[in-house]
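Chemist: One structure, as structure tokens, below. Some questions next.
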Amino acid sequence: MELQDMQKQWKAMNSRLETMEIIQKNQIMEMTKKKYKNQFKKLWNIEFIGALICYGVAAWIVIDFQKFDSPFYRACALLTLLFLAVLPILVLGYISKIKNISLSETSYKETIKKFQKNKNRLLATQQFSGVAGVLIFFVSMPVFSKLFGNDNSFESLKMSQYIFIALTFIAVLLLILWSVKKYKGIMANAEKLLQELDE
């Protein structure tokens, strides 16, 4: 075999290896994109179901608004409505923004910058909704009391009702803490996936 033939074969082999490497990088990029989007798809679905429940309850409050017959009850109903209407939109909006970050059209640095910005907003919104959720728990109690046709004030509650309220409050707190932890875990996994793109 002559030297020229060997050089041609070597170039052809080198070209095939480069092509295979490009194909492999593209496959890795596609897999990473899919994993990244899947991180937020499940979260978006859960939050979407939660938003539907919030809007269902908000509609119930609006339909039966005449039951709130004093300024105190109307104020509680309006605050509950505000919470139920605004927070789901904010959370779903930030999840959509972070889920739809383009991983291939912008540079790695730009992608990380967008991710960090949206991650911080989403986590801040989630933490705010946790704190607001605790406050709304108490604000919404008179609202639901009226909706269920119970006009009893807190002074006339029985011990079993106080225990039920306390247990419900603890369950709400645990749910809030669990969801914040879950959000942070999803963000950490997504960030790891983005770091893999730079390697």
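The values are calculated or read from the model by the stated rules, or taken from the named source; none is laboratory data. Remember, predicted model here, so these are calculated numbers, not experimental data. Cβ atoms come from the backbone with ideal geometry, glycine included; neighbour counts cover every protein chain shown. The accessibility values were calculated without ligands, DNA or RNA, using every heavy atom of the protein model including side chains. Shrake-Rupley method; radii C 1.70, N 1.55, O 1.52, S 1.80 Å.
Chemist: For Asn120, state whether it is polar (S, T, N, Q) and within 23 Å of the chain's Cα centre (by Cα). Walk me through it before giving the result.
Modeler: Details: polar (S, T, N, Q): yes; within 23 Å of the chain's Cα centre (by Cα): yes.
It is true that Asn120 is polar (S, T, N, Q) and within 23 Å of the chain's Cα centre (by Cα).
Chemist: Could you run through the range 30-63 and say how many residues are under 15 Å from Pro88 (Cβ atoms) and modelled with pLDDT of 90 or more?
Modeler: Here the count works out to 12.
Chemist: Please go through the range 45-61 and pick out each residue that is within 21 Å of Phe148 (Cβ to Cβ), open to solvent by less than 90 Å² (accessible area, probe 1.4 Å) and of a type in the set (A, V, I, L, M).
Modeler: Val57, Ala58, Ala59, Ile61
Chemist: Every residue in the range 92-103 that is at pLDDT 85 or above and open to solvent by 70 Å² or more (accessible area, probe 1.4 Å), please.
Modeler: Lys97
Chemist: Inspect all residues belonging to the range 35-48 and state whether any of them is closer than 20 Å to Ala132 by Cα and free of Cβ contacts under 8 Å to residues at least 40 places away in the same chain.
Modeler: Yes, that holds for at least one residue.
Yes/no per residue for (1) open to solvent by less than 30 Å² (accessible area, probe 1.4 Å); (2) touching a Ser or Thr at 6+ places or on another chain (Cβ under 8 Å); (3) at pLDDT 85 or above; (4) over 26 Å from Glu47 (Cα atoms):
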{"site": "Glu105", "(1), (2), (3), (4)": "no, no, no, yes"}
{"site": "Lys117", "(1), (2), (3), (4)": "no, no, yes, no"}
{"site": "Gln126", "(1), (2), (3), (4)": "yes, yes, no, no"}
{"site": "Leu135", "(1), (2), (3), (4)": "no, no, yes, no"}
{"site": "Asn150", "(1), (2), (3), (4)": "no, no, no, yes"}
{"site": "Ser156", "(1), (2), (3), (4)": "no, no, no, yes"}
{"site": "Ala171", "(1), (2), (3), (4)": "no, no, yes, no"}
{"site": "Leu174", "(1), (2), (3), (4)": "no, no, yes, no"}
{"site": "Val180", "(1), (2), (3), (4)": "yes, no, no, no"}
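Chemist: So which residues in the range 183-198 are of a type in the set (D, E, K, R) and in contact (Cβ under 8 Å) with a residue 24 or more places away in the chain, if there are any at all?
Modeler: Lys184, Glu191, Glu196, Asp198, listed by residue number.
Chemist: May I ask you to list pairs of residues, at least six apart or on different chains, whose Cβ atoms are under 8 Å apart, with the first in the range 89-102 being touching a residue at least 24 places away in the same chain (Cβ under 8 Å) and farther than 9 Å from Lys37 by Cα and the second being acidic (Asp, Glu) and assigned to a helix (DSSP H, G or I)?
Modeler: From residues that are touching a residue at least 24 places away in the same chain (Cβ under 8 Å) and farther than 9 Å from Lys37 by Cα, the pairs are Val91/Glu47; Leu92/Glu47; Ile95/Glu47.
Chemist: Could you check the range 64-89 and list, in sequence order, the residues that are of a type outside the set (Val, Ile, Thr), open to solvent by less than 70 Å² (accessible area, probe 1.4 Å) and outside any loop (DSSP other than H, G, I, E, B)?
Modeler: Within the range 64-89, Phe65, Tyr73, Ala75, Cys76, Ala77, Leu81, Phe83, Leu84, Ala85, Leu87, Pro88 meet the criteria.
Chemist: Just the residues that are among the hydrophobic types (A, V, I, L, M, F, W, C) and either free of Cβ contacts under 8 Å to residues at least 40 places away in the same chain or touching an Asp or Glu at 6+ places or on another chain (Cβ under 6 Å) (or both), please, taken from the range 49-77.
Modeler: Correct list: Ile49, Leu52, Ile53, Cys54, Val57, Ala58, Ala59, Val62, Ile63, Phe65, Ala75.
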